[in-house]
Amino acid sequence: MDNVVDVEKNFNSKLEKNDFVEPKDWMPENYRKHLIRQISQHAHSEIIGMLPEGNWISRAPSLRSKIVLLAKVQDEGGHGLYLYTAAETLGASRDELLGALHTGKAKYSSIFNYPTLTWADIGAVGWLVDGAAIMNQVMLQRTSYGPYSRAMIRICKEESFHQRQGYEIMCRLCFGTEEQKEMAQDALNRWWFPTMMMFGPPDKDSPNSEQAIKWRIKRETNDELRQKFVDRTVAQVEFLGLTIPDKNLKWNETKKGYDFSEPDWSEFYSVIKGNGPCNKERLEARNKAHSDGAWVREAAIAYAEKKKENILAA
Ligand code: FAQ
């Protein structure tokens, strides 16, 4: 058996060479735990994220928009599946992870604790929320853990379609009637700062970032990604003829990027502690979906067992 020094050297050399760490490779226990924490929070965000958009499937304004929204929400369920599976390769069971979500012990993205009040919110979620998700996830395609990286490559392809779905809705509203444009502006006003919170607290207050960067789990910091997101989004807002609800937003020639206001971090901490506008509703809906789906899981297990029996008997 390899000694501890050798396996640790091998792990570090993989990181240095930008090689992937694979499930059967030796890894430090804290690296494994860090990954389970981040990947499972990410998986939970995908399936909780289905709820605010799912609310609008029956109210979509046309058959086309209903079909597109249905496909998007279904994709998010698929993303949850890839990510739970990646977490399972680290030794975490699906039941354990879902149990932590359903009892409120596990975190999921703060953004999904805000309500989707109008159809314009579905545009804003696709455009801003999926836009921020892609900004974060593009770097995760190069994360050091192989199964997570491969899941992210597939997820990013689908997320970029989602971002366009949202921007298309915003275009329709902004180039439609005055009333529709007002709806779009109202959605931007409500979603802008919660979206900025998606990247996590400022680097100086982020307990996990430093180690995550050392292990190449994260390749860019929370502040770097937030800055990139603002810089990329301003032109899209201008094209729509809307206004970002931030009086301090200003181009800074020296840094070649925009200066902007920080979101209200006390609101962020309150939301992730469970006190956002929809935390309770989201967990109730998620628990109900899980218990309503019990028969599907039972049927799938019975089918798999029967199939195994038939194979063994043949
Ligand atoms: N919400 O030390 P850091 C999507 C927690 S995209 C809730 O900076 P880290 C697509 C953090 O967990 C959204 N909690 O943490 C979609 C930590 O708590 P802990 C999901 C947050 O991990 C679109 C504490 O604060 N994307 O779902 C948030 O280095 C539309 C200190 O923070 C991902 O999860 C937050 N916003 O950086 C689906 C991407 N921010 O665990 C449906 C992968 C921070 O120590 C519809 N995750 N916290 O108790 C990541 O890249 C990272 O985990 C960050 C946080 C950047 C989210």
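Just so you know, all these numbers are worked out from the coordinates, no wet-lab data involved. Note that the structure is predicted; figures quoted are calculated from it, not measured. All Cβ positions, even for glycine, are placed from backbone atoms using ideal geometry, and neighbour counts span all protein chains on display.
Points to keep in mind about this one:
- Euclidean distance of C-alpha centroids, the range 237-271 and the range 21-84, integer Å: 27
- Spatially proximal aspartates and glutamates relative to residue 72 (Cα-Cα < 18 Å; intrachain offsets below 8 disregarded): 46, 53, 121, 130, 158, 159, 168
- Computed from backbone phi, the HN-Hα couplings of the range 263-279 come to x, 7, 5, 5, 5, 4, 5, 5, 5, 6, 7, x, 10, x, x, 10, 3 Hz, rounded to whole numbers (Karplus: 6.51 cos²θ - 1.76 cosθ + 1.60, θ = phi - 60°; Gly and Pro given as x).
- Considering helices alone, the calculated mean residue ellipticity of the chain at 222 nm is -21000 deg cm²/dmol, with DSSP H runs of length four and up weighted by -39500 (n - 2.57) and normalised per residue.
- Around the amide H of residue 21, modelled in the peptide plane, lie the amide H atoms of 145, 146, all under 5 Å away and 5 or more residues distant in sequence or on another chain.
- Candidate lysines for bridging to residue 66, where Cα separation is under 28 Å - those fewer than 8 sequence places away on the same chain excluded: 157, 181, 280, 288
- Net dipole in debye of the chain [+1 Lys, Arg Cβ; -1 Asp, Glu Cβ; about Cα centre; nearest 20]: 480
- Cα-based helix-to-principal-axis angle, 130-140 vs the chain, degrees rounded to 10: 40
- In summary, the lysines within cross-link reach of residue 14, defined as a Cα separation below 25 angstrom excluding same-chain residues under 8 places away, comprise 24, 33, 214, 218.
- The range 182-223 versus the range 103-174: alpha-carbon centroid distance in Å: 12
- Taking Cα atoms only, the orientation of helix 222-240 departs from the longest principal axis of the chain by about 40 degrees.
- Karplus-derived 3J(HN,Hα), 6.51/-1.76/1.60, for each residue of the range 294-303, Hz, glycine and proline x: 4, 5, 5, 5, 4, 5, 5, 5, 4, 5
- Sequence-distant residues sharing a close amide H with residue 257 (under 5 Å, placed H): 252
- For the range 182-289, GluC sites (Glu not before Pro) are listed when DSSP marks them as loop and at most 16 other Cβ atoms sit within 10 Å of their Cβ; the list is 253.
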